[in-house]
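Please treat every number below as a calculation from the coordinates, not as lab data. Just so it is clear, the model here is predicted, and its values are computed rather than measured. Neighbour counts are summed over all protein chains in view; Cβ atoms, including those assigned to glycine, are modelled from backbone coordinates with ideal geometry.
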Amino acid sequence: MQSVEPDRPPVSVVVPFGGGPTGAVRAALGRIETRAGDESIVADNSGGGAAGLAGVAEVLPAHGERSSYHARNVGAGASRNDWILFIDADCTPEHGMLDAYFAEPIADRVGAVAGEIVGEAGQGALAARYARDRKVLSQTDGLYGRGRTVAATGNLMVRRSAFEEVGGFVEGIRSAGDVDFCVRLQDAGWELAFRPRAVARHRHRETVAGLLRTFVRYGAGSRWLSERHPGMSERWPLSPYELTRAGIDSARLALAGRREQAAFRLIDGAGLIAHNLGWRLPNTATRR
């Protein structure tokens, strides 16, 4: 007996591209099981590096500023469907992701639906294993999953009418635009829903230095959020007590033979320092 695919509306897939090799993006787009009416758009924020993706997606220049939020706005503005799926260039969709988004009816007042983001299991670098263990981008079990009030744009499907009502993403910033978008969406009366079976695998940073730079950026975004939405975001706690506790925990874990978790606790402490450093820095995107 032939299986029947779940009915779903057409979707516009928008990928902001900031530079680097295009092979992974090409492979990721190829994993999305599209149907008639679907479209794929790559918003090139790299200055021309996405030209090689023209065969698998419509490539649009998004060169006004060095910002993924600017690129997402450009891509969304050129799309034509009622649902827009934002997925990052360093994410790989699981098979059946679009169908998983529509496996259950979406209520009329739902303005955005968040899928799950998990770490790419094949990454063996310490920094990637740390991010996977700490569920850094998880929409259900990590920082984004707490309280179910915000979601990351690495894997987020948005209703066009809701996107247009709130004016899309804030531009001119480097970080936290996804959280801000979710807050404004709900302030406008829309709801945020979750589909944990709509999974994308994220390729985390391969070096500890790269991971800590990400935490610095998060810190800058957190301060920007705290000023824009008081009480929404807090600085990660940094004190001699927290750093000492991380060091003691690391030593105990190492003595117990749990070397990886010992290293993770040291990264926890370094992450606190990085986030607090970022808190003192501007969250301003670079103009081209």
(request) Compute the separation of the alpha-carbon centres of region 185-220 and region 247-288 and state it in Å as a whole number. (result) 17 Å
(message) Report for the chain the percent antiparallel among DSSP-assigned beta bridges with both residues inside it, nearest 5.
(response) 40 percent
(request) Give the long-range amide H neighbours of Trp83: residues separated by 5 or more places, or on another chain, with amide H under 5 Å away, using H modelled in the peptide plane at 1.01 Å from N. (result) Ser12, Arg160
(message) Whole percent per 5 Å bin, from 0 to the bin with the longest distance: what is P(r) over all C-alpha pairs of region 42-120?
(response) 3, 12, 20, 22, 19, 15, 6, 2
(request) Wrap a convex hull around the Cα atoms of region 11-205, take a quarter of its surface area, and give that in square nanometres. (result) 10.2 nm²
(message) What is the angle, in °, between the Cα long axis of helix 177-187 and the longest principal axis of the Cα atoms in the chain? Nearest 10 is fine, range 0 to 90.
(response) 70 degrees
(message) I'd like the distance separating the alpha-carbon centroids of region 65-142 and region 18-48, in whole Å.
(response) 13 Å
(request) Return, ordered by residue number, the residues of region 110-129 whose backbone nitrogen is under 13 Å from a label point located 7 Å along Cα→Cβ of Ser161. (result) 110-112
(message) I want the local charge near Phe169. Using Cβ-Cβ distances under 11 Å, sum +1 for each Lys or Arg and -1 for each Asp or Glu among the other residues.
(response) -1
(request) Compute the long axis of helix 259-279 from its Cα atoms, compare it with the longest principal axis of the Cα atoms of the chain, and write down the angle in degrees, 0 to 90, nearest 10. (result) 80 degrees
(request) Compute the signed sum of charges (Lys and Arg +1, Asp and Glu -1) over the other residues within less than 9 Å, Cβ to Cβ, of Arg197. (result) -1
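Using the alpha carbon gyration tensor of region 209-287, what are the three equivalent-ellipsoid semi-axes (square root of 5 times each eigenvalue), largest first, in whole Å?
29, 14, 8
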(request) Find which of Ile32, Phe86, Tyr69 sits farthest along the positive direction of the dipole of the chain, computed with +1 on the beta-carbon of Lys and Arg, -1 on that of Asp and Glu, about the Cα centre. (result) Tyr69
(request) Treating the angle as unsigned and between 0 and 90°, give the value, to the nearest 10°, between the Cα long axis of helix 68-78 and the longest Cα principal axis of the chain. (result) 10 degrees
(request) For region 50-56, just list the computed ³J(HN,Hα) in residue order, Karplus coefficients 6.51, -1.76 and 1.60, θ = phi - 60°, integers in Hz, with x standing in for Gly and Pro. (result) 9, 4, x, 8, 4, x, 10
(message) What does the net charge come to around Ala262 if you take all other residues with beta carbon closer than 9 Å to its beta carbon, with K and R at +1 and D and E at -1?
(response) +2
